[in-house]
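The values are calculated or read from the model by the stated rules, or taken from the named source; none is laboratory data. Since the model is a prediction, treat every value here as computed from it, not as a measurement. Counting neighbours? That spans all protein chains shown, and the Cβs are built from the backbone with ideal geometry, glycine included. When the accessible area is computed, the model is the full protein with side chains, heavy atoms only, and any ligands, DNA or RNA have been set aside. Shrake-Rupley method; radii C 1.70, N 1.55, O 1.52, S 1.80 Å.
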Amino acid sequence: MEWRAHQAPELQPRLVAQVTRMKENDRLGHAYLFTGESGSGKLASAHYLIQLTLCEAGENVPCETCRACRLVKSGNHLNVHHLEPDGQFIKREQVDQLIHELSKTAREKGRKFYVIQESHRMNASSSNALLKFLEEPTSDVTALLLTEQPHALLQTIRSRCQQMTLQPISPDLVKEQLMAQQVSETMASTVSRLVPSVEEGLALIEEEEFGLARKGVLKLIEALERGTAHALVQAHEHVIPLLKDKEKADRILDLLLFAYRDIIAVKANPMSTCTFPDKKAFWEQLAMKSTFEQLTYQLEHIMKARRRLHQNANRTLLMEQLVIELREVSPVV
Ligand SMILES: [Zn+2]
C-alpha cells in the first residue's frame with residue numbers, strides 16, 4: 001500500500017485544515033466517511049489524518065522523521081489496517097479478520113486506525129458485521145471509510161460516521177500534475193478539462209483514438225470555415241469513423257463543445273486559458289468574425305446533439321446534422 005499522506009495538503013487543503021483543527025482540539029471521532037470523486041485524494045486524506053494523529057512530535061503537520069512517522073510511511077505501523085475489495089466485493093471474512101486484528105492487544109501505543117477503500121462494495125453480510133462493530137465503539141479505534149458512492153452504503157453505517165466531503169480537483173491542478181508527468185502543456189490543457197483526475201487523464205492520453213479525436217475535431221472546425229461540403233467531407237473522414245460507441249461519441253462532442261467555449265472565452269478575454277492552447281491564434285480569428293450570439297447558438301447545437309446521442313439517435317446522421325447546423329450559424333465569410 002503506497003503511503004499517500006504527502007499528497008493531501010495540495011489535493012485537499014480545506015480538509016487538511018479541518019483535520020488539523022480536530023487534532024489541535026483533540027477531537028478525533030470513531031468513524032469518518034470520506035466521500036469524493038475518483039482521484040480527489042480520499043486515500044491521501046485518510047493517510048494524512050492517520051500520520052498526523054500518530055506522529056510523536058505533536059506539531060500541526062506530521063514531522064516525517066519520528067519513529068511513528070517512519071513506521072507509518074513504510075506501511076509497517078501495527079496500528080494501521082487497510083481493507084479493499086477482494087474481487088467485486090469486500091467479503092464477510094475480510095471484515096471478520098479485520099475486527100479480530102483490531103481486538104488484539106495493541107503492540108504499539110496510540111490510536112488504532114482502519115481504512116476501508118471502496119467501502120460501498122461491502123455486501124449485506126460484511127456491511128452488517130461492520131455495522132455491529134461500529135455500534136460498539138472502543139475508545140482507541142478510528143474507522144476511515146472511503147467511497148465515491150456514499151448512497152450505496154447502508155444508511156445505518158453512514159449515520160454512524162462523520163462525513164468528510166472532498167472538493168473536486170480543479171482542472172488547473174490536474175493540468176499541472178499531468179505536466180509534472182511529462183505530458184505536453186497542449187495535451188494536459190485538453191485532458192484536464194475532460195476528466196477529473198490525473199490517473200484518468202493519463203489513461204485517456206494512452207488511448208490512440210483520443211489523439212485522433214482531438215485532431216479530427218480541430219480539422220472539422222477548420223473545414224467549417226470553408227463551407228458545408230468541406231466540413232461534411234472532413235466529418236466523414238476524421239470524425240464519424242470514431243463514433244463507434246456512445247462513450248467515444250460523447251467525448252468527441254465534449255471536445256467540440258470545449259473548442260467553442262474556447263472561442264467564446266477568447267472573445268470575452270484574450271488572456272483566457274484554453275482547452276486547446278495550440279489553436280489560440282485560430283480561435284482569435286474566429287472570435288473576431290463571430291458574434292456572441294452566433295457562438296452561443298453553436299454551443300446550443302452541440303448540446304442538443306449530445307442530448308440526441310443519449311436518446312440513441314443514429315450517430316452518423318447526428319454528426320452530419322450537427323455539421324450543417326454549426327455551418328448555418330457560422331459567420332458568412
Ligand atoms: Zn512524526
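The number of residues in the stretch 198-237 that are open to solvent by 70 Å² or more (accessible area, probe 1.4 Å), within 31 Å of the chain's Cα centre (by Cα) and under 29 Å from Glu328 (Cβ atoms) comes to 3. Between Arg307, Arg315, the distinction of being more than 19 Å from Ala188 (Cα to Cα) and either open to solvent by less than 50 Å² (accessible area, probe 1.4 Å) or in contact (Cβ under 8 Å) with a residue 24 or more places away in the chain (or both) belongs to Arg315 only. Within the stretch 88-127, being without any contact (Cβ under 8 Å) to a residue 40 or more places away in the chain, open to solvent by less than 80 Å² (accessible area, probe 1.4 Å) and assigned to a strand (DSSP E or B) holds for Ile90, Lys112, Tyr114, Ile116, Met122. The condition (being more than 26 Å from the chain's Cα centre (by Cα), assigned to a helix (DSSP H, G or I) and within 21 Å of Leu28 (Cα to Cα)) is satisfied by just one residue among Leu130, Leu78, Leu43, Leu49: Leu130.
Among the residues of this structure, Pro85 counts as one that is closer than 29 Å to Ala129 by Cα, open to solvent by 20 Å² or more (accessible area, probe 1.4 Å) and under 22 Å from the mean Cα position of the chain (by Cα). Taking every residue in the stretch 59-74 that is in the same structural domain as Asp26 (by TED's automatic domain parsing) and on the phi < 0 side of the Ramachandran plot and pairing it with any residue that is more than 8 Å from the ligand (Cβ to nearest atom) and acidic (Asp, Glu), at least 6 positions away or on another chain, the pairs with Cβ-Cβ distances below 9 Å are Asn60/Glu24; Ala68/Glu108; Leu71/Glu108. The set of residues in the stretch 52-72 being near the ligand (Cβ under 10 Å from one of its atoms), touching a helix residue (DSSP H, G or I) at 6+ places or on another chain (Cβ under 7 Å) and in a helix (DSSP H, G or I) consists of Leu52, Leu54, Ala68, Cys69, Val72.
So which of Leu33, Leu54, Leu43 is open to solvent by less than 40 Å² (accessible area, probe 1.4 Å), closer than 20 Å to Val80 by Cα and in contact with a Cys (Cβ under 6 Å, 6 or more places away or on another chain)?
Numbers: Leu54 fails: in contact with a Cys (Cβ under 6 Å, 6 or more places away or on another chain); Leu43 fails: in contact with a Cys (Cβ under 6 Å, 6 or more places away or on another chain).
Going through Leu33, Leu54, Leu43 in turn, just one is open to solvent by less than 40 Å² (accessible area, probe 1.4 Å), closer than 20 Å to Val80 by Cα and in contact with a Cys (Cβ under 6 Å, 6 or more places away or on another chain): Leu33.
Taken over the stretch 133-186, the residue count meeting the criterion of being part of a helix (DSSP H, G or I) and within 30 Å of Asp278 (Cα to Cα) is 12.
Would you say Arg27 is more than 30 Å from Pro171 (Cβ to Cβ), surrounded by fewer than 17 Cβ atoms within 10 Å (Cβ to Cβ) and within 16 Å of the ligand (Cβ to nearest atom)?
It is false that Arg27 is more than 30 Å from Pro171 (Cβ to Cβ), surrounded by fewer than 17 Cβ atoms within 10 Å (Cβ to Cβ) and within 16 Å of the ligand (Cβ to nearest atom).
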